[in-house]
Structures are given as structure tokens and as C-alpha cells.
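The values are calculated or read from the model by the stated rules, or taken from the named source; none is laboratory data. If you're wondering where the values come from, they're calculated on a predicted model, not measured in any experiment. So basically every Cβ, Gly included, is an ideal-geometry build from the backbone, and we count neighbours across all protein chains shown. These area figures cover heavy atoms from the full protein model, side chains too; ligands, DNA and RNA do not enter into them. Shrake-Rupley method; radii C 1.70, N 1.55, O 1.52, S 1.80 Å.
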Amino acid sequence: PRILKSGAHPPEFYREMWETILRGQTWRGEFLNRKKSGDLYWESAFISPVAGPGGETTHFVAVKEDVTSRKAAEEALRESEEKYRLLFSKEFDAVALLDAETMRFLEVNDAHVRLFGYAHEEIPSVDVLRLCAEPEKVLEEWAQLKQKASHAVPLLKVLRKDGTEFPVEASAGTFTWRGRPVACVVMRDITERLRWQELMEKLSSTDPLTGLANRRIFDETLETEWARATRAKTPLSLLMADTDSFKEYNDRNGHQAGDACLKLVAGELAACARRPGDLVARFGGDEFSVILPATDARGAEELAESMRRRIESLVIPCANGGNRRITLSVGVATVFARLDGASPARLLEEADLARYDAKRAGRNRVSVARATFGRDARQA
């Protein structure tokens, strides 16, 4: 990507971008880049990290949009009246000229006609608020525009002539035109951009095989729920589970069969944890984790047991034409409020140790941590 650098941004700009995405967060911003021809252009970018099964970042996915015309329009809003008139070129986004005192339409460009469906001759009789799905918000933004002379709204829901709703980003500026105060509003339909952003956010937060939350979301949620449980003085439970003898099944039946098995197990675990606050995540490989806010040790053990029975009842097809049953070993750990030496990492360790206890005891069973976490949580 360095080949696109224009030299317009300082090193700190790129450093901040890389620090953000390497932390596993999404970066949004704008670049002034250079084409192969040497021409400069503005690019709006939305960059998300994509995590692998172990939670490590393996790729970055960027959705980019050429916003040169929008930047030109914004620059024009700060320039002379003649440059304002250039906004009405059909090459630009939807542009409307309004009376700054009455909010009545004075003129719109061809792009505005195509976007909203109102012809040039219709627009003077149209009430601006008729185009707004959120009229109260528009009035608030209009008041800010009158105070600041220029204003930007990153997301506004508007209506076409046929009543369909869609999102736009808008920039506006006020100036004097033909002796009267006017406002010039530039709008762009961002439906596709929001759709891609939603997709990128999903890719960066879910395990691609099972559709469960990935390791990054698990880590973030555990920290959040730990803090919430500490403030509210409520119990927090964690389940760590894996399928018994999965490597043997995977080796004998092939990776495709193994992947199908993991997807089936993931779906059953998610079906058991039905509360809105519960989080089922793929921890890595054939390991799964479940965060249970406001759940004591007894409740967590009951849920773990229902998961174990549900997986035990599954019949998994084998490559040789037969069938096989898959079983689950589950470790349960619970903490109540903040105990000495307690931490999210310690809770995770206790649940993991309990899972190993279940393995050593013969597999296909639930083991509850009997350390400080479990005892105090039961007494609470």
C-alpha cells in the first residue's frame, strides 16, 4: 500500500492507524493518496483485522471509497460563490441549495433528482422535513449549522419520494447568494458502505468456521463481564469444553468431516446458552468457551451438564459409512465479586484445570473447580 502514499500525511498518522488495527480494533479515516498517473485523490477507508482460529490477526480487510468529489464539495463550501455553483455539476453528489431562514428548497442538482425522485420543478414546493425520516434530528443539526456556518452529519436517515428510507452522510455550509442567506447541503447515499462495514465487523468478530464469537471477542467480553460483576457484586461463571477424541475422529475421517463435526457441536452449544448476555465462543481448535454473567456455580454446572448430554446424543457420520457418538468434557469455574488473587486470567485457568480433571476422570463429564472460586461462589 505504500505505493499510494502522497506524502501529505505525517508518520504519526500512519503510526496511529497501524497501532489501532494491530490492537484488533477497526480504524476509520481518510487518506490523500496518489494514483499511478500521479494525480492525487481522497480515499475514505474502513480497515478491520480478521482473526484466525487462535485469536491472532491473520489479515486486514479494507473497504475504500473515492471521496474526492465530496472533499471538493466541502472545499467549495469554504470558497467563493462561484465555487458553490460548481457543486451543481452532475459529477458531484446530491446537492441542495436552501433558504437559510425558511429551510425552503431553492435549487437542487441532477444527482439530487435521481437520489430522491423529486423533479426540478417539484422541489420548490417540497417541505424539507418530508425528506427526513428523523425530522427532530434534522432540526437539531440545522440549529448547529446556523451557529457554526458549516456542519457535517456522518449518518442521516432520509426518505425518497416513494417513501423508501435510506442513509446518507451530509455536509453543509452557509453563505450569501444573490443577496440572501442560503445553505448548501451535499449528500451521499451510504447504503452500500454501511452494508460492507457491517460485514467487516462480523468478519472481525466471528469464527469463520463455526460462526461463534472468536477469541478476540471472548477476551474482550470476559474483561467487560468481569468488571460488571465486580461493580454489581454478582457471580460470573465460565465454562471451558472440548470434544473427546476429536483428533482421532478428524484423522480417520478427514478435515472436511472434522469441520462439519465442529460446526454441529458449535450449533448445539449455542442453542443451550440462550440468554442474551451469554457468550459462546470458539476458543481454538476443538475447544469452546462459554461466559455466563450473573450465574452461580450451581446454575453453571446445570447448563454444562445439559450441554454434555446434548452433545452425547449427537450421531456423527463416519467416512466408512458408519456412525459415531461425540462426547464433551467440560470444566466449570465461578467467581463472586473480587477475591484476593482473582482475575479474569485466573478464572480462565480454573475452568481449564477443571476441564482437565474431567478428562482424567474418564471424559464425557462435567468437573467443577473446587478452589476459592467455586467454594465462595456456592456460599454466596
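Identify the residues of the stretch 181-220 with backbone N under 15 Å of a label point that sits 7 angstrom from the Cα of GLU30 along the Cα-to-Cβ direction, or state none.
Once the point is set 7 Å along Cα→Cβ of GLU30, 186-189 turn out to lie under 15 Å by backbone N, inside the stretch 181-220.
Under a Cβ-only charge scheme (Lys and Arg +1, Asp and Glu -1), can you give me the dipole magnitude of the stretch 254-296 about the Cα centre, in debye to the nearest 20?
Dipole about the Cα centre, nearest 20: 160 debye.
Using only Cα atoms, figure out Rg for the stretch 216-286 and give it as a multiple of 2.2 N^0.38 Å.
That ratio works out to 1.37.
Once amide H atoms are built 1.01 Å from N in the peptide plane, which residues 5 or more positions from GLU107, or in another chain, come under 5 Å H to H?
When sequence neighbours closer than 5 places are left aside, the close amide H contacts are LEU97.
Quick one: compute the contact order of the stretch 80-220, relative version, from alpha carbon pairs under 8 angstrom and 6+ residues apart, as a percent.
Once divided by the residue count of the stretch 80-220, the mean separation gives 20 percent.
So between VAL315 and LEU129, what do we pick up on full extension, going 0.36 nm a residue minus the alpha carbon distance?
Between VAL315 and LEU129, full extension yields an extra 61.0 nm.
Compute the angle between helix 191-205 and the longest alpha-carbon principal axis of the chain, please, reported from 0 to 90 degrees and rounded to the nearest 10.
20 degrees
State the dimensionless ratio Rg/Rh of the stretch 227-363 (Rg: radius of gyration of Cα atoms; Rh: Kirkwood radius).
My calculation puts Rg/Rh at 1.02.
Any idea what angle helix 215-232 forms with the longest principal axis of the chain, computed on alpha-carbon atoms, 0 to 90 degrees, nearest 10?
Rounded to the nearest ten degrees, it is 80.
Excluding the sites themselves, what is the longest stretch of the chain that contains no GluC sites (Glu not before Pro) in a DSSP loop with at most 14 other C-beta atoms within 10 Å?
Answer from the scan: 123-380.
How far is the Cα center of the stretch 138-197 from the Cα center of the stretch 267-332, in Å?
With the stretch 138-197 and the stretch 267-332 each reduced to a Cα centre, they are spaced 49 Å.
Which FRET efficiency value, to the nearest 0.05, do you get for ARG346 and GLU201 by plugging their Cβ-Cβ distance into 1/(1 + (r/R0)^6) with R0 = 35 Å?
0.70
At a Förster radius of 22 Å, what calculated FRET efficiency corresponds to the Cβ-Cβ distance of ALA119 and THR164, to the nearest 0.05?
0.80
In debye, nearest 20: dipole of the chain around its Cα centre with unit charges on the Cβ of K, R (+) and D, E (-)?
Its charge dipole is roughly 900 debye.
Helix 344-360 sits at what angle to the longest principal axis of the chain, using alpha carbons and giving 0 to 90 degrees rounded to 10?
Helix 344-360 sits at roughly 40 degrees to that axis.
Probe of 1.4 angstrom, ligands and nucleic acids ignored: what's the accessible area per residue over the chain, in square angstrom?
For the chain, the solvent-accessible area averages 51 Å² per residue.
Restricting to the chain, compute how many DSSP beta bridges are antiparallel as a %, nearest 5.
Antiparallel bridges make up about 95 percent of those DSSP assigns within the chain.
Given the Cα-Cα distance of ASP110 and ARG274 and 0.36 nm per residue of separation, how much length would full extension add, in nm?
54.0 nm
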